[in-house]
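Working notes for the structure below.
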Amino acid sequence: MSATDEHADLLPTASARRTWAVLGDGVRRSGWGTLLSLVVVLIGSGVGLIAPWVLGAMVDDITAGAGLDPVLRAAGIIAAAAVVGGLLTGLGGWLVSRSGEMILARLRERVMDRVLHMPAARLERVRVGDLLSRVGDDVAVVTAGIARNGSDVVVAMATVLLTAVGMTALDWRLGLAGLCALPVYVWAARWYLPISGPYYARERVAMGERSHAMMGALRGRAAVRAYRVEAEHEGRVAERSRAAMDITVSVFRLLTRFGSRLNGAECLGLTMVLVTGFWLVRGDLVTVGAVTAAALYFHRLFGPMMFLVMNFNEVQSAGASLARLAGVVDLPEAPEPRDAREPQDASVRVKAVAHRYGPGAPPALDGVSLEIAPGERVALVGASGAGKTTLAAIITGLRVPDEGEVHLGGVPLADLGESRLRGHVYLVSQETHVFAGTLLEDLRLARPEATEAEAEAALARVDALTWVRALPEGLRTVVGEGGHALTAEQSQHLALARLVLADPPVAVLDEATAEAGSAGARRLERASLAATEGRTTLVVAHRLTQARAADRVVVMDHGRIVEQGPHEALVAAGGRYADLWRGWRGAPNP
Amino acid sequence: MLKRGRAPRIEGDHRVSDPAPVDVRALARRTLARNRRDVVLGVILLSLHQLAEALVPVAIGLTIDRAVVTGDVGVLALCVAGLLTLFTVLAFAYRVGARFTLRATENEAHLLRVEAARRALDPRGERSGLRTGEVLSVATSDAEQAALYVRAWAGLIAMTTAIVVTTVALLTIDVPLGVGVLVGVPVMMLLLRVPAAHITRRSEAKQATAAGATALATDLVGGLRVLMGMGAREAAAVRYRAASARALRASVSAAASNGVYRGVVSAASLLFLACVAAVSGWMALQGRLSIGELITVVGLAQFLAEPVQGLGMVGQIFATARASARRLVRLLDAPDAVAPGDRAPEGDAVVELADVTYRTLRGVDLRLEPGRTVGVLATDPRDAEALLELLSGRAAPTEVEGAVTVGGVPVHDLDLAALRAAVLVEEHGATLFEGTLRTNLATGTDRDEAHLSAALRAAGAQDLVTGHPDGLDRPITDRAANLSGGQRQRTALARALAADPPVLVLHDPTTAVDAVTEEAIARGVSALRAERVPVGATLVVTGSPALLARADEVVVLIDGRVRGRGTHADLVRDDPRYGEAVLR
């Protein structure tokens, strides 16, 4: 069993053609930089050809019995070529990396932009793990590929190309002899690439499963021990580790067989150059020096050729990641309605809304209608699965209901458009996330232009300023992943302070205040009352004290509204809510 | 220091059960020892490969000297045959040698990984002082990198072979020239290492900036639903673009340093070649070298750079392996957190604390009998934590005063498996595992569907089954990320109920559920525990009046001491502080 069984959508992966198109688009946008860098690399590789050539000429001079001068001249030319070549190599490598990094940066920004602006309805269906691996692993793999190998690959390709040109320039027959190796290289690559690709894909999956097993077991160590399932989890780690290892070993087997074929190509090419040279020298068509230079050229190719083909796997995995990134780039953007309208006021109207999660599932909402006046505070009460959270999600536009309509300030939700909608209605959900960075940066996500004083005022409003000031560096304390760990109560304080900063007309609260324990929960309840004062507020009441504080209590059951009215009236009426209230207070039920 | 030398629990793979290494050196030694065959064969063959690589320039020189210059077809045929043989050996040696080396490395990484997982999961716990995240990275990346010892040794020996062969070849041709080349190449490499080390450090720091952008991306996406709820997606996009631009500047500047280095290396090696060419050309003019020897010397001078550079890489691999091995040993050799005994509970699983002082607890008395439910209200979370540590056998005996017994036997004399079979402590926020709802629930002896469904119903979680097409087989992702907080909590509770232990200890089991469900859970849990044969004992540490109201006895812990005892109703009536703490 693995996470891949989940009934959720995977993000698309682009086809090879589309991936190239996205890449080509990046190259075009980078302007002259990419072209210039390629030219510099080519010239640099060309300068690299000088040394073997000069050495060959020197061999001829010595054979002809020349003096010391030609030898010294040859050494001088090599030295000059060394300096110029070094300069060009360094410059070319830098330019290529620079272009690559710029193209990559633009690509990752586009990917992140698409992910961040994914339509709400799609986001609900998408697997977070998939999203995370796109913006995390895939970007990292492509980055590493470009930073570590990108320029080397380009330089190696240029070297191979120009060396072939150089050999042909010495003598076309020698060039042709060297080219005999080419079909073998091609044959080897055509054998290797199609069969290795699936292996690498399987290896990646296997490694992912292995780390899943390991992470699951180690993060849940306490539970593993409590349930005495250590052997089971260790067994799973061992089994997946062995499976991944077996794949790695067979991939490598394949790679080394490929390597042997490349050695064959080297052997064939070198032999052909020497044998051809032998007959050409015998026929007085070329000099021994030319053959020497050709053999040196060919020997010089071993390194770059090996580098290129042995890095195929990295290139391939960078390519696979690139295709996954390109797939995200091609996601459609959330459509903004053409004639978007401003909400007239802070009212909320839900009209005969029905929704179910997939065909055959029981209705999550079944004909719910609800009107909330501007500034009114309404609490939703009901058991898990009664439809409270679904209703909250529909009102905030995170889900599109199967039937019925939602109007905010008199405007149908679909006509508002994403940005207006988000400015109008604010959701504090059950998920709390403390964003990595300073506390101030976290708060500024809600309002980027907020000053420090405004941030402090927001914290003070939800009664969080005291503990924030007590942190090691106050507002500048780094929190979130890898930073100062906040308690659940503090994280929720922070979520409420963000609400105050964002200052929306309508607030929907679906937080799990009880997580903080009784005393903390009471503090949080006061904080949330303060944060939502004057706003139209819909509270999914996890604690009935939240319901008591509301203007109106709406009791839900099986996707329907079964009771509603002010707290006191419902308690007095002695219906379902009254029972709940007694049970909540710990008074024994009849 | 507590007991060492854990008994291995997995049979069948004898190599997994080697004793834990006490230091880095022992780990390295064990690595080579238990992969002996693969390492030795790999080293021999890779050395042979390097030897063959070194002989390629020699072969080129010989062919030109003896065949091309003389025009002798017979010699040419011999030379071609020689070349073919050389390449056959070269290819074969690499193919087989590299496979042996890789297999040894991968096998070692596998063994270390499993060993690290076993140590981390050991029921006795460990005192490595590593945090969970660190343990995770030790068990994954460090286990992999520590295995690089195999590759480092193979590389070291093979590169040394190549250098020795080149040395012999050069000295055979001409002693002063050979010495010059042999001194010149390493000196040049050493000189280049100084800027290289500097540049590597700088570029690593810059790469860290680049990694920072990725970390920001995953953090923002992890909180994407929160961002959406707060309408902050554009703000997040702006922040990411800024980080990405910073990363770009850093990488481009790192690429600049790398470019400088690359240029210097290229220039230096060609300059060196110019010197070799000048000297050997002069010698050839004087007749001290033949043309073929001249070519061989030039070829070898170029080739020598490879193994010398390779040695530098080997040094880096050793450093990486050593650093990882150090962290790994810290985990593998960590002392046990507890030293369990070997006794089993005697008679009924009665849990008793008599005048216990531990951490924040002061002289606590508590008795839990089969068929009873005890509620504990702890105003300070640290008191609750300490109580749970005592009951799960995680408290170090030296820190505990007073007696904690289960079935009449002191908890520290109990065998851990026997203790955990008798007392199940379900922690607050306990982790669920990747798999299905069924695999998560089925940890006890009774795993049939009716039993699991009853547990789900009691935990108020039946909607997880009815609301999903796959029912009990609905998938659960890692850490149950595909469930809501409330669903996770109820599933964990159902798991504890399904395990059906004689003594069940729950900690705040209903914090993420709403009032209505909480009431249903309180009812369901007491009914299910009462149905157990023999009847079960339940201890609930909670602040929820709904749960406390159903306990036979409530114990009130304030500042580590028992400040009240009685039924919920009595306490509400008589103790204003209790009312203040639980009534909401």
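Rule-based calculations on the coordinates, nothing more; no lab input. Since this is a predicted model, take the numbers as computed values, not measurements. Every residue, glycine as well, gets a Cβ built from its backbone with ideal geometry; the counts of neighbours run over all protein chains shown.
Odds and ends about this structure:
- In nm, spacing of pseudo-spin labels at B:LEU190 and A:VAL249 (7 Å Cα→C-beta vector): 4.2
- Over segment B:351-582, the ratio between the Cα radius of gyration and 2.2 N^0.38 Å evaluates to 1.00.
- Amide H contacts of A:VAL286 (H built 1.01 Å from N, under 5 Å, at least 5 apart or other chain): A:VAL281
- Counting Cβ atoms of other protein chains within 10 Å of each Cβ in A:253-266 and taking the mean gives 4.
- Per-residue extension of 0.36 nm, minus the Cα-Cα distance of A:LEU471 and A:ARG341, leaves a gain of 42.4 nm for this segment.
- Cα gyration tensor shape for segment A:16-168, rounded if a/c is under 1.5, else prolate or oblate: prolate
- Here's the picture: charge each Lys and Arg Cβ at +1 and each Asp and Glu Cβ at -1 in chain B, and of B:CYS275, B:LEU331, B:LEU90 the one pushed furthest to the positive end of that dipole is B:CYS275.
- Annotation: peptides B:443-450, A:210-217, B:535-542, A:72-79, ranked by per-residue average of other Cβ atoms within 10 Å with the highest first, follow the order B:535-542, A:210-217, A:72-79, B:443-450.
- Its relative contact order, with pairs defined as Cα atoms under 8 Å and 6+ residues apart, puts chain B at 15 percent.
- Given their separation in residues at 0.36 nm each and the Cα-Cα distance between them, A:ALA231 and A:TRP187 gain 11.0 nm when the chain is fully extended.
- Peptides B:114-121, A:299-306 ranked from most to least packed, by the mean per-residue count of other Cβ atoms within 10 Å: B:114-121, A:299-306.
- A Cβ-based charge dipole, computed about the Cα centre of chain B with Lys and Arg at +1 and Asp and Glu at -1, lands at about 1980 debye.
- Only Lys, Arg (+1) and Asp, Glu (-1) charged, at Cβ; the protein assembly as shown dipole about Cα centre in debye: 2140
- Among A:THR537, A:HIS299, A:ILE78 the positive-end extreme of the charge dipole of chain A (Cβ point charges): A:HIS299
- Hz values of 3J(HN,Hα) by residue in segment A:130-137 - Karplus curve (6.51, -1.76, 1.60), Gly and Pro given as x: 5, 4, 4, 6, 5, 6, x, 4
- Amide N of segment B:386-405 lying under 11 Å from the label point, which is placed 7 angstrom from the Cα of B:ASP355 along Cα→Cβ: B:402-403
- MRE, 222 nm, helices only [DSSP H, n ≥ 4, -39500 (n - 2.57), over chain A, to nearest 500]: -20500 deg cm²/dmol
- Farthest towards the positive end of the charge dipole of the protein assembly as shown, among the residues A:ALA158, A:VAL54, A:LEU524, is the Cα of A:VAL54, using unit charges on the Cβ of Lys, Arg, Asp and Glu.
- Shape call, segment A:237-336: gyration tensor on alpha carbons, a/c limit 1.5: oblate
- Computed magnitude of the charge dipole of chain A (debye, nearest 20; Cβ of K, R +1, Cβ of D, E -1): 920
- Nearest-ten-degree value, helix A:16-29 long axis tilted from longest Cα axis of chain A: 80
- Antiparallel %, DSSP beta bridges [both residues in chain A], to 5: 55
- Cα-based Rg of the protein assembly as shown normalised by 2.2 N^0.38 Å, two decimals: 1.13
- Mean ellipticity per residue at 222 nm, deg cm²/dmol - from DSSP H runs of n ≥ 4 across chain B, formula -39500 (n - 2.57): -20500 deg cm²/dmol
- Amide H to amide H distances under 5 Å link B:ARG561 with B:ARG362, where only residues 5 or more positions off or on other chains count and H is placed in the peptide plane.
- Anisotropy class assigned to segment B:199-342 is oblate, per the alpha carbon gyration tensor with a/c at or over the 1.5 cut-off and a/b no larger than b/c.
- Taking only the Cα atoms of chain A, the ratio Rg/Rh comes out at 1.15, with Rh defined as the Kirkwood radius.
- Degrees separating the helix A:50-63 axis from the principal Cα axis of chain A, which is the longest one: 20
- Order by protection proxy (mean Cβ within 10 Å, highest first), peptides B:290-300, A:317-327: B:290-300, A:317-327
- Here the 3J(HN,Hα) profile of segment A:435-444, calculated from phi with Karplus coefficients 6.51, -1.76 and 1.60 at θ = phi - 60°, is 6, 5, x, 6, 4, 5, 4, 4, 5, 5 Hz, Gly and Pro shown as x.
- Here the Karplus curve 6.51 cos²θ - 1.76 cosθ + 1.60, taken at θ = phi - 60°, turns the phi angles of segment B:262-274 into couplings of 4, x, 5, 4, 4, 5, 4, 5, 6, 4, 4, 4, 4 Hz, with x standing for Gly and Pro.
- Legend: mean number of C-beta atoms from other chains within 10 angstrom of residue C-beta atoms, peptide B:521-529, equals 1.
- Fraction of antiparallel bridges per DSSP, the protein assembly as shown only, in percent to nearest 5: 50
- Neighbouring Cβ atoms from other chains, within 10 Å of the Cβ of residues in A:476-486, number 1 on average.
- Alpha-carbon centroids, segment A:314-360 and segment B:106-157: separation in whole Å: 42
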